Amino acid sequence: MVVEGSQVVLLRCSACGHELSGLGNDRIFLCASCGRAWVLEDSSPVRVPVRFPDPDWVREVSKGSGDPLIHMPFWRIGSRISIPERIVRPDLSSSRTSLDTDREEPGLVRTQVPDRAQDLLFPAFSCTRSLSVGVELSIRPCVPPALEDSPDRLPSLVGGTVGPGDARRLAEAVAVGIEMSRDDFLARMDLRLEVLEQELLAMPCLAEARGLRVAGAGILIHWRNLEDCRDILAFHGLEPLADSRSDAILDHGSGLL
Ligand SMILES: [Zn+2]
């Protein structure tokens, strides 16, 4: 359902006619009946590829936890990353102090990085730490094996607020964030990212007291970083959990990462 001006429009799956599910701010909507995902472009639905994980894999990565298991949408951007030039400082203390931009800073070291293929994973839902979560998830990406059989076992999934175009821009930011997180002192670089594949992943997450833990990757997304946390829990029939109750829960972070 979306609100257009004063009109409330009920969205239906263009493939099977089932009502689409999603939260108030969503741009991507999931069909719980046939498992297709749709993004609204100029009010018309356009199909987005979506992968649901194999249930045996989900059981394996979530076993031993007594917390409720829900699925959340993440983007997977299969990319080719080229870094023709990566320049590092010998140490942090030699950072530039002069405003003379024509003079090359002494001590810089040019390094070469081979082109690489990389899966970049990050939330498709509203999260104030999308970038840092994306960097953590993408350093050792945990891509679930896809559900192969009939869609009668599909888990329910909230929609997404990050559209396909925004996801491609966010993928570049995540790729830059990965380079910044390396164990050296990056001064500057030229990074190019080619998108080879793009799909939504329904990732299993454990609803813990402090936040959502991405099963398989082990990464915790705090409730305070999820604007829609109460709606997400209510969508799955769950009561608010300890840290998701406060009204002053939003932490917009202090910087890029
Ligand atoms: Zn459908």
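A few remarks follow.
- Test: residue in the stretch 201-209 that is assigned to a helix (DSSP H, G or I), over 18 Å from the mean Cα position of the chain (by Cα) and at pLDDT below 95: no
- Flag if residue 23 is surrounded by 14 or more Cβ atoms within 10 Å (Cβ to Cβ), touching a helix residue (DSSP H, G or I) at 6+ places or on another chain (Cβ under 6 Å) and modelled with pLDDT of 90 or more: no
- Residues satisfying the criterion are present in the stretch 147-162 (criterion: farther than 26 Å from residue 24 by Cα, touching a Leu at 6+ places or on another chain (Cβ under 8 Å) and surrounded by 15 or more Cβ atoms within 10 Å (Cβ to Cβ)).
- When 82, 94 are screened for being among the hydroxyl-bearing types (Ser, Thr, Tyr), more than 30 Å from residue 57 (Cβ to Cβ) and either at pLDDT below 95 or more than 25 Å from the chain's Cα centre (by Cα) (or both), only 94 passes.
- Of all residues in the stretch 20-46, those satisfying the criterion of being under 19 Å from the mean Cα position of the chain (by Cα), within 15 Å of the ligand (Cβ to nearest atom) and either more than 22 Å from residue 147 (Cα to Cα) or among the β-branched types (Val, Ile, Thr) (or both) are 28, 39.
- Any chance residue 49 is modelled with pLDDT of 80 or more, within 16 Å of the ligand (Cβ to nearest atom), under 24 Å from residue 139 (Cα atoms) and within 19 Å of the chain's Cα centre (by Cα): yes
- Count of the stretch 2-19 residues, restricted to those that are under 19 Å from residue 47 (Cβ atoms) and either modelled with pLDDT under 85 or away from the ligand (no atom under 11 Å from the Cβ) (or both), is 4.
- Residue 116 over 15 Å from residue 144 (Cα atoms), modelled with pLDDT of 95 or more and either within 16 Å of the ligand (Cβ to nearest atom) or surrounded by fewer than 12 Cβ atoms within 10 Å (Cβ to Cβ) (or both): yes
The values are calculated or read from the model by the stated rules, or taken from the named source; none is laboratory data. From a predicted model like this one, the values you see are computed outputs, not experimental measurements. No Cβ is skipped: glycine too gets one built from the backbone with ideal geometry, and neighbour counts run over all protein chains shown.
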